[in-house]
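Here the structure is laid out as structure tokens; the discussion comes afterwards.
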Amino acid sequence: MNAHDFRGKRALVTGAGAGIGRATALKLAELGAEVVALSRTQENLDSLKAENPSIEIICVDLADWNATREAVQKVTPIHLLVNNAAVALLAPVLEATPQEFDSSFNLNVKSILNVTQVVASDLVDRKLKGSIVNLSSQAAQRALKDHIVYCGTKAAVDAFTRSMALELAPKGIRVNSVGPTVVMTAMGRIGWSKPEKSDPMRARIPQGKFAEVEDVVNAIVYLLSDKSDMINGHMLPVEGGFFCS
């Protein structure tokens, strides 16, 4: 028997077309949840649907506030929400552009507020309990070269998580975040594919390795589940001891 059983629960995963989001959607479906996968890339959603036909798919650009709200409202109620979608636009402090700043904060932060408002408001109206997990990063707590904007967005995610937890817990909705170290997804490879960058970072991790996608998914599942009932407003690091260094 699985340690986590999500039968009877509906889950929404954003950024579910690839990487951590896709793996999370598949895992939650495996554990019995009715899963709704959201992505802006139809091709990725189609391949996910082919892999698990039970997963409902939504193609919408989270940068579009109103279109996102309409799309999410159509699939409520959502008991389990994973705000995973993010972008990593890397640049040095002196070269980061307004466009990179706006694009990053719109997707990595603003969309979390938008989707959470729709999902949580619906749960409150229905008097249902829920659990929300936001995807943060070790970049929320440690400075990383060329990550000025990305670090800022992830620090904001953790601040949002605490504020959401404070206000929503009395209404029966827990909110936490997960903060991985480098995970070699397609997005992870953007910043860490070159040995001259990846080797020094790996050397700072006491376990001597980057995280696997499954490591992050396991943390997300735990925080969504009743097993973590008294955990609220926290960031769970998945970083092999990076914060100890």
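Quick check: anything in the range 169-177 assigned to a strand (DSSP E or B), modelled with pLDDT under 95 and hydrophobic (A, V, I, L, M, F, W, C)?
We begin by selecting, within the range 169-177, every residue assigned to a strand (DSSP E or B); these are 173-177.
Next cut, modelled with pLDDT under 95 only: none.
Taking every residue of the range 169-177 in turn, none turns out to be assigned to a strand (DSSP E or B), modelled with pLDDT under 95 and hydrophobic (A, V, I, L, M, F, W, C).
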### Message
Being without any contact (Cβ under 8 Å) to a residue 60 or more places away in the chain, surrounded by 12 or more Cβ atoms within 10 Å (Cβ to Cβ) and not aliphatic (A, V, I, L, M) is the filter here; which residues of the range 189-208 pass it?
### Response
ARG189, TRP192, LYS197, SER198, ARG202, ARG204, PRO206, GLN207
### Message
If I ask for residues that are surrounded by fewer than 16 Cβ atoms within 10 Å (Cβ to Cβ) and assigned to a helix (DSSP H, G or I), which ones from the range 131-161 would you list?
### Response
ALA159
### Task
Restricting attention to the range 41-66, report how many residues are more than 21 Å from ASN114 (Cα to Cα) and assigned to a loop (DSSP other than H, G, I, E, B).
4
### Query
Is there any pair with a first residue in the range 99-110 that is farther than 16 Å from THR161 by Cβ and of a type in the set (Asp, Glu) and a second that is surrounded by 18 or more Cβ atoms within 10 Å (Cβ to Cβ) and modelled with pLDDT of 95 or more whose Cβ atoms are under 9 Å apart and which are 6 or more apart or on different chains, and what are they?
GLU100/VAL149
### Task
Among the residues of the range 1-23, write down those that are in a helix (DSSP H, G or I) and either under 15 Å from HIS79 (Cα atoms) or touching an Asp or Glu at 6+ places or on another chain (Cβ under 8 Å) (or both).
ALA23
### Task
Return a yes/no flag: does the range 20-43 have any residue that is out of contact with any helix residue (DSSP H, G or I) (no Cβ under 8 Å at 6 or more places or on another chain), surrounded by fewer than 20 Cβ atoms within 10 Å (Cβ to Cβ), modelled with pLDDT of 95 or more and aliphatic (A, V, I, L, M).
no
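Do you know which residues across the range 77-102 are of a type in the set (Gly, Ala, Ser) and more than 25 Å from ALA120 (Cβ to Cβ)?
If we filter the range 77-102 for residues that are of a type in the set (Gly, Ala, Ser), which is where we start, we get 85-86, 88, 91, 96.
Across the range 77-102, the qualifying residues are ALA88, ALA91, ALA96.
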### Message
Give all pairs with beta carbons closer than 6 Å in which a residue from the range 230-242 that is more than 8 Å from VAL178 (Cα to Cα) and part of a loop (DSSP other than H, G, I, E, B) meets a residue that is at pLDDT 90 or above and among the basic types (Lys, Arg); count only pairs at least 6 apart in sequence or on separate chains.
### Response
ASN232/ARG174; GLY233/ARG162
### Message
Test of understanding: among THR24, THR68, which residue is touching a residue at least 12 places away in the same chain (Cβ under 8 Å), of a type outside the set (A, V, I, L, M) and closer than 22 Å to PRO180 by Cα?
### Response
THR24
### Message
Pull out all pairs, ordered by first then second residue, where Cβ-Cβ is under 6 Å, the residues are six or more apart or on different chains, the first lies in the range 152-174 and is of a type in the set (Asp, Glu), and the second is part of a helix (DSSP H, G or I) and surrounded by fewer than 23 Cβ atoms within 10 Å (Cβ to Cβ).
### Response
ASP158/ALA140
### Task
Please verify whether the range 77-85 includes one or more residues that are surrounded by fewer than 19 Cβ atoms within 10 Å (Cβ to Cβ), out of contact with any strand residue (DSSP E or B) (no Cβ under 7 Å at 6 or more places or on another chain) and modelled with pLDDT of 95 or more.
no
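Considering only residues of the range 89-127 that are assigned to a loop (DSSP other than H, G, I, E, B) and surrounded by fewer than 18 Cβ atoms within 10 Å (Cβ to Cβ), which is modelled with the lowest pLDDT? Show your work before the answer.
Step one: list which residues in the range 89-127 are assigned to a loop (DSSP other than H, G, I, E, B), which gives 89-90, 92-97, 127.
When the remaining residues are screened for being surrounded by fewer than 18 Cβ atoms within 10 Å (Cβ to Cβ), the result is 90, 92-95, 97, 127.
Numbers: LEU90: 92, PRO92: 96, VAL93: 96, LEU94: 98, GLU95: 97, THR97: 98, LYS127: 98.
Here the residue is LEU90.
The values are calculated or read from the model by the stated rules, or taken from the named source; none is laboratory data. These numbers were taken from a predicted model, which means no experiment stands behind them. With ideal geometry, Cβ positions are generated from the backbone for all residues, glycine too; neighbour counts draw on all protein chains shown.
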